[in-house]
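Student: Right, I'll just put the structure down here and ask away after.
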Amino acid sequence: MDLQKSSDATPAPAAPPVELRASDADRDRITDILREAVAEGRLTAEEHAERVEGVLATKTVGELDRFVRDLPAAHTGRATPAYASAPNRPTAGAIPVDAAAVDFYAFSCQKWLCGPDATGGLVVRDPEALAVTAPSYLSQQAYEPTGSFTPRDGAARFDSNWTPVPSLAGLSAALDMAPEGRFERAAELTARCRELLAERVELVTAPDQATLVTFRAEGDTRELVHGLYDAGVVVRDIPGLGWVRVSCGWWTSEEDLDRLVGALP
(Lines give C-alpha, C1' and ligand atoms only; values in the text may rest on other atoms or scores of the structure.)
Protein backbone atom coordinates (compact mmCIF):
# COMPACT_ATOMS: atom_id res chain seq x y z
CA MET A 1 0.00 0.00 0.00
CA ASP A 2 1.33 3.39 -1.01
CA LEU A 3 0.84 5.86 1.86
CA GLN A 4 2.62 8.77 0.20
CA LYS A 5 -0.07 10.66 -1.79
CA SER A 6 1.62 14.05 -2.12
CA SER A 7 4.46 14.34 -4.59
CA ASP A 8 6.11 17.15 -2.58
CA ALA A 9 6.14 15.29 0.71
CA THR A 10 9.57 14.69 2.16
CA PRO A 11 10.09 11.04 3.01
CA ALA A 12 11.35 10.26 6.48
CA PRO A 13 15.00 9.19 6.58
CA ALA A 14 15.40 5.47 6.58
CA ALA A 15 16.35 3.94 9.87
CA PRO A 16 19.91 2.64 9.86
CA PRO A 17 20.20 -1.11 9.35
CA VAL A 18 20.48 -2.83 12.71
CA GLU A 19 23.64 -4.67 11.74
CA LEU A 20 25.65 -1.49 11.08
CA ARG A 21 28.50 -0.80 13.47
CA ALA A 22 27.53 1.88 15.99
CA SER A 23 29.47 5.16 15.97
CA ASP A 24 30.31 7.42 18.90
CA ALA A 25 27.52 9.72 17.70
CA ASP A 26 25.03 6.83 17.84
CA ARG A 27 26.09 6.02 21.39
CA ASP A 28 25.98 9.69 22.41
CA ARG A 29 22.37 9.95 21.18
CA ILE A 30 21.37 7.06 23.44
CA THR A 31 23.28 8.38 26.47
CA ASP A 32 21.50 11.73 25.98
CA ILE A 33 18.16 9.93 26.31
CA LEU A 34 19.37 8.08 29.39
CA ARG A 35 20.65 11.28 31.00
CA GLU A 36 17.27 12.94 30.51
CA ALA A 37 15.49 9.86 31.85
CA VAL A 38 17.40 9.89 35.14
CA ALA A 39 16.83 13.65 35.49
CA GLU A 40 13.06 13.04 35.04
CA GLY A 41 13.06 10.26 37.63
CA ARG A 42 12.36 7.47 35.11
CA LEU A 43 15.62 5.73 35.95
CA THR A 44 17.54 5.42 39.19
CA ALA A 45 21.18 6.49 39.29
CA GLU A 46 22.22 2.84 39.41
CA GLU A 47 20.04 1.93 36.42
CA HIS A 48 21.45 4.91 34.51
CA ALA A 49 25.05 3.88 35.21
CA GLU A 50 24.38 0.28 34.19
CA ARG A 51 22.69 1.26 30.93
CA VAL A 52 25.36 3.80 30.00
CA GLU A 53 28.02 1.18 30.56
CA GLY A 54 26.13 -1.19 28.30
CA VAL A 55 25.78 1.49 25.62
CA LEU A 56 29.53 2.11 25.61
CA ALA A 57 30.20 -1.57 25.03
CA THR A 58 27.62 -1.90 22.23
CA LYS A 59 28.94 -2.73 18.78
CA THR A 60 25.93 -2.35 16.46
CA VAL A 61 23.12 0.15 15.95
CA GLY A 62 20.49 -2.52 16.52
CA GLU A 63 21.81 -3.32 19.99
CA LEU A 64 21.42 0.28 21.15
CA ASP A 65 17.61 0.23 21.07
CA ARG A 66 17.25 -2.15 24.02
CA PHE A 67 18.68 0.44 26.41
CA VAL A 68 15.95 3.01 25.70
CA ARG A 69 12.96 1.10 24.29
CA ASP A 70 11.04 1.58 27.58
CA LEU A 71 11.63 5.37 27.62
CA PRO A 72 9.27 7.89 25.95
CA ALA A 73 12.09 9.98 24.49
CA ALA A 74 13.13 7.07 22.32
CA HIS A 75 9.79 7.21 20.49
CA THR A 76 9.34 10.95 20.00
CA GLY A 77 11.26 13.73 18.30
CA ARG A 78 13.80 15.38 20.55
CA ALA A 79 15.10 18.91 20.36
CA THR A 80 18.82 19.35 19.82
CA PRO A 81 20.43 20.26 23.16
CA ALA A 82 22.11 23.61 23.56
CA TYR A 83 25.36 21.83 24.28
CA ALA A 84 26.37 18.51 22.78
CA SER A 85 27.54 15.93 25.27
CA ALA A 86 31.03 14.54 25.05
CA PRO A 87 31.40 10.77 24.65
CA ASN A 88 31.09 8.93 27.96
CA ARG A 89 34.40 7.33 28.77
CA PRO A 90 36.41 6.58 31.91
CA THR A 91 37.15 9.89 33.51
CA ALA A 92 40.21 11.86 34.56
CA GLY A 93 42.83 9.64 36.11
CA ALA A 94 42.17 6.66 33.85
CA ILE A 95 43.29 8.36 30.64
CA PRO A 96 44.85 11.74 29.78
CA VAL A 97 42.09 14.35 29.56
CA ASP A 98 42.25 17.81 27.99
CA ALA A 99 39.32 19.61 29.61
CA ALA A 100 40.05 22.72 27.55
CA ALA A 101 38.54 20.96 24.55
CA VAL A 102 35.00 21.04 25.99
CA ASP A 103 32.69 23.66 27.52
CA PHE A 104 31.95 21.71 30.70
CA TYR A 105 33.65 18.67 32.21
CA ALA A 106 32.51 16.96 35.43
CA PHE A 107 34.47 14.11 36.98
CA SER A 108 34.66 12.04 40.14
CA CYS A 109 37.84 11.73 42.15
CA GLN A 110 37.23 8.70 44.35
CA LYS A 111 38.13 6.04 41.81
CA TRP A 112 40.58 6.76 39.03
CA LEU A 113 42.25 9.59 40.95
CA CYS A 114 42.28 7.50 44.16
CA GLY A 115 40.76 10.33 46.21
CA PRO A 116 38.30 10.06 49.12
CA ASP A 117 34.62 9.26 48.60
CA ALA A 118 32.32 12.14 47.60
CA THR A 119 35.09 14.19 46.00
CA GLY A 120 34.92 15.41 42.42
CA GLY A 121 35.41 18.37 40.17
CA LEU A 122 33.77 20.54 37.54
CA VAL A 123 35.67 22.37 34.81
CA VAL A 124 33.82 25.24 33.14
CA ARG A 125 35.45 27.03 30.23
CA ASP A 126 33.36 30.17 30.66
CA PRO A 127 31.70 30.44 34.10
CA GLU A 128 29.56 33.34 32.87
CA ALA A 129 27.94 31.05 30.30
CA LEU A 130 26.47 28.70 32.93
CA ALA A 131 23.73 30.25 35.02
CA VAL A 132 23.46 29.37 38.71
CA THR A 133 19.78 28.57 39.19
CA ALA A 134 19.91 27.13 42.72
CA PRO A 135 22.67 29.01 44.56
CA SER A 136 24.05 27.96 47.90
CA TYR A 137 25.26 30.35 50.58
CA LEU A 138 28.82 29.77 49.42
CA SER A 139 28.13 30.52 45.77
CA GLN A 140 26.73 34.03 46.34
CA GLN A 141 28.77 37.18 46.56
CA ALA A 142 25.70 39.18 47.61
CA TYR A 143 21.98 38.56 47.94
CA GLU A 144 18.79 40.53 48.49
CA PRO A 145 15.60 39.84 50.49
CA THR A 146 13.79 39.67 47.16
CA GLY A 147 15.73 36.54 46.27
CA SER A 148 18.02 38.14 43.70
CA PHE A 149 21.72 37.48 44.12
CA THR A 150 25.15 38.16 42.66
CA PRO A 151 27.17 34.99 42.02
CA ARG A 152 30.79 34.83 43.10
CA ASP A 153 33.48 35.13 40.48
CA GLY A 154 34.90 32.09 38.75
CA ALA A 155 34.44 28.51 39.90
CA ALA A 156 33.38 29.52 43.41
CA ARG A 157 29.89 30.26 42.09
CA PHE A 158 29.33 26.53 41.65
CA ASP A 159 30.15 25.55 45.26
CA SER A 160 27.14 23.69 46.60
CA ASN A 161 28.36 23.19 50.15
CA TRP A 162 31.38 23.04 52.40
CA THR A 163 33.93 20.41 51.41
CA PRO A 164 35.41 18.76 54.52
CA VAL A 165 39.07 19.67 54.95
CA PRO A 166 40.14 16.02 55.49
CA SER A 167 38.58 15.14 52.13
CA LEU A 168 40.49 17.92 50.39
CA ALA A 169 43.71 16.87 52.14
CA GLY A 170 43.18 13.26 51.09
CA LEU A 171 42.54 14.27 47.49
CA SER A 172 45.63 16.48 47.44
CA ALA A 173 47.74 13.61 48.81
CA ALA A 174 46.32 11.20 46.20
CA LEU A 175 47.17 13.59 43.37
CA ASP A 176 50.70 14.05 44.71
CA MET A 177 51.20 10.28 44.87
CA ALA A 178 50.13 9.59 41.29
CA PRO A 179 53.19 8.00 39.61
CA GLU A 180 54.77 9.06 36.36
CA GLY A 181 53.78 6.83 33.46
CA ARG A 182 50.50 5.86 35.11
CA PHE A 183 48.45 6.19 31.91
CA GLU A 184 50.87 4.05 29.91
CA ARG A 185 50.97 1.49 32.72
CA ALA A 186 47.16 1.33 32.91
CA ALA A 187 46.88 0.90 29.13
CA GLU A 188 49.50 -1.86 29.17
CA LEU A 189 47.70 -3.80 31.92
CA THR A 190 44.32 -3.35 30.22
CA ALA A 191 45.71 -4.80 27.00
CA ARG A 192 47.19 -7.68 28.97
CA CYS A 193 43.84 -8.25 30.68
CA ARG A 194 42.13 -8.46 27.28
CA GLU A 195 44.74 -10.89 26.04
CA LEU A 196 44.29 -13.24 29.01
CA LEU A 197 40.50 -13.08 29.03
CA ALA A 198 40.22 -13.63 25.27
CA GLU A 199 41.54 -17.16 25.79
CA ARG A 200 38.67 -17.98 28.17
CA VAL A 201 35.62 -15.83 27.44
CA GLU A 202 33.94 -13.71 24.76
CA LEU A 203 35.00 -10.07 25.04
CA VAL A 204 32.38 -7.36 24.60
CA THR A 205 34.38 -4.15 24.70
CA ALA A 206 36.33 -3.12 21.63
CA PRO A 207 40.12 -2.70 21.93
CA ASP A 208 41.60 0.57 23.15
CA GLN A 209 38.52 1.56 25.18
CA ALA A 210 40.52 3.12 28.01
CA THR A 211 40.81 0.86 31.09
CA LEU A 212 37.55 -1.12 31.10
CA VAL A 213 37.25 -4.69 29.83
CA THR A 214 33.80 -6.29 29.64
CA PHE A 215 33.15 -9.92 28.81
CA ARG A 216 30.11 -12.13 28.33
CA ALA A 217 29.68 -14.80 30.98
CA GLU A 218 27.72 -18.05 31.03
CA GLY A 219 25.11 -18.53 33.74
CA ASP A 220 24.30 -16.14 36.59
CA THR A 221 26.73 -13.23 36.49
CA ARG A 222 25.92 -12.27 40.08
CA GLU A 223 27.02 -15.67 41.31
CA LEU A 224 30.17 -15.37 39.21
CA VAL A 225 30.98 -11.94 40.66
CA HIS A 226 30.44 -13.23 44.21
CA GLY A 227 32.65 -16.22 43.51
CA LEU A 228 35.42 -14.00 42.13
CA TYR A 229 35.13 -11.77 45.20
CA ASP A 230 35.68 -14.80 47.43
CA ALA A 231 38.83 -15.46 45.41
CA GLY A 232 40.09 -11.93 46.03
CA VAL A 233 38.95 -10.41 42.72
CA VAL A 234 36.63 -7.38 42.64
CA VAL A 235 34.63 -6.99 39.41
CA ARG A 236 30.99 -6.10 38.72
CA ASP A 237 28.19 -7.53 36.69
CA ILE A 238 26.00 -5.58 34.28
CA PRO A 239 22.48 -6.78 35.19
CA GLY A 240 20.25 -8.05 32.43
CA LEU A 241 23.01 -8.38 29.86
CA GLY A 242 25.05 -11.32 31.10
CA TRP A 243 28.17 -9.17 31.14
CA VAL A 244 30.97 -8.77 33.69
CA ARG A 245 33.19 -5.70 33.77
CA VAL A 246 36.83 -5.59 34.81
CA SER A 247 38.34 -2.24 35.72
CA CYS A 248 42.11 -1.93 35.42
CA GLY A 249 44.37 0.85 36.68
CA TRP A 250 48.01 1.70 37.17
CA TRP A 251 47.76 -0.05 40.55
CA THR A 252 46.71 -3.36 38.95
CA SER A 253 49.42 -6.04 38.93
CA GLU A 254 50.14 -9.06 36.78
CA GLU A 255 49.31 -11.17 39.85
CA ASP A 256 45.87 -9.54 39.99
CA LEU A 257 45.21 -10.52 36.38
CA ASP A 258 46.43 -14.08 36.89
CA ARG A 259 44.16 -14.39 39.95
CA LEU A 260 41.18 -13.19 37.89
CA VAL A 261 41.75 -15.66 35.07
CA GLY A 262 42.52 -18.48 37.47
CA ALA A 263 39.27 -17.91 39.37
CA LEU A 264 37.07 -18.10 36.27
CA PRO A 265 35.01 -21.31 36.03
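The values are calculated or read from the model by the stated rules, or taken from the named source; none is laboratory data. Fair warning: this is a prediction, and the values are worked out from it, not measured in the lab. Reconstructed Cβ throughout: ideal geometry from the backbone, glycine too, with neighbour counts over all protein chains shown.
Student: Take the conditions outside any helix (DSSP H, G or I) and aliphatic (A, V, I, L, M) and apply them to L64. Does it pass? Don't jump to the end; show me each part of the working.
Tutor: On the way: outside any helix (DSSP H, G or I): no; aliphatic (A, V, I, L, M): yes.
No: the conditions fail for L64.
Student: Name the residues in the stretch 240-262 that are on the phi > 0 side of the Ramachandran plot and at pLDDT 90 or above, would you? Quick ask: steps written out before the conclusion?
Tutor: First, pick out the residues of the stretch 240-262 that are on the phi > 0 side of the Ramachandran plot: 240, 242.
Result: no residue meets the conditions.
Student: All but one of (1) surrounded by fewer than 12 Cβ atoms within 10 Å (Cβ to Cβ); (2) among the acidic types (D, E); (3) touching a helix residue (DSSP H, G or I) at 6+ places or on another chain (Cβ under 8 Å) hold for D230, so report the exception by its number.
Tutor: Condition (3) is where D230 drops out.
Student: When the residues of the stretch 203-219 are narrowed to those that are exposed (fewer than 12 other Cβ atoms within 10 Å of the Cβ) and not small (G, A, S), which ends up farthest from P265 (Cα to Cα)?
Tutor: Within the stretch 203-219, the match that is farthest from P265 (Cα to Cα) is D208.
Student: Given the criterion modelled with pLDDT under 95, of a type in the set (G, A, S), over 25 Å from V97 (Cβ atoms) and part of a loop (DSSP other than H, G, I, E, B), identify the matching residue among A210, A206, A134.
Tutor: Values: A210 fails: over 25 Å from V97 (Cβ atoms); A206 fails: over 25 Å from V97 (Cβ atoms).
That would be A134, the only listed residue that is modelled with pLDDT under 95, of a type in the set (G, A, S), over 25 Å from V97 (Cβ atoms) and part of a loop (DSSP other than H, G, I, E, B).
Student: Now for a different question. For residues in the stretch 240-257 being among the charged types (D, E, K, R) and touching a residue at least 40 places away in the same chain (Cβ under 8 Å), which is surrounded by the fewest Cβ atoms within 10 Å (Cβ to Cβ)? Show your work before the answer.
Tutor: Residues of the stretch 240-257 that are among the charged types (D, E, K, R), as a first pass: 245, 254-256.
With touching a residue at least 40 places away in the same chain (Cβ under 8 Å) added as a condition, the list becomes 245, 254.
Details: R245: 20, E254: 10.
Step by step, filter the stretch 240-257, then rank; the result is E254.
Student: Does F158 qualify as being in the same structural domain as Q140 (by TED's automatic domain parsing) and among the aromatic types (F, W, Y)? Let's see the steps before the verdict.
Tutor: Details: in the same structural domain as Q140 (by TED's automatic domain parsing): yes; among the aromatic types (F, W, Y): yes.
When the stated conditions are applied, F158 passes them.
Student: Select from the stretch 220-239 the residues that are in contact (Cβ under 8 Å) with a residue 24 or more places away in the chain and either under 15 Å from V261 (Cβ atoms) or in a loop (DSSP other than H, G, I, E, B) (or both) and list them in ascending order. Spell out how you get there, then give the answer.
Tutor: Narrowing the stretch 220-239 to residues in contact (Cβ under 8 Å) with a residue 24 or more places away in the chain: 224, 227-228, 231-233, 235, 238-239.
Residues satisfying the conditions are L224, G227, L228, A231, G232, V233, V235, P239.
Student: A further question follows. Can you find a residue in the stretch 104-114 that is modelled with pLDDT of 85 or more and on the phi > 0 side of the Ramachandran plot?
Tutor: Scanning the stretch 104-114, I find at least one residue that is modelled with pLDDT of 85 or more and on the phi > 0 side of the Ramachandran plot, so the answer is yes.
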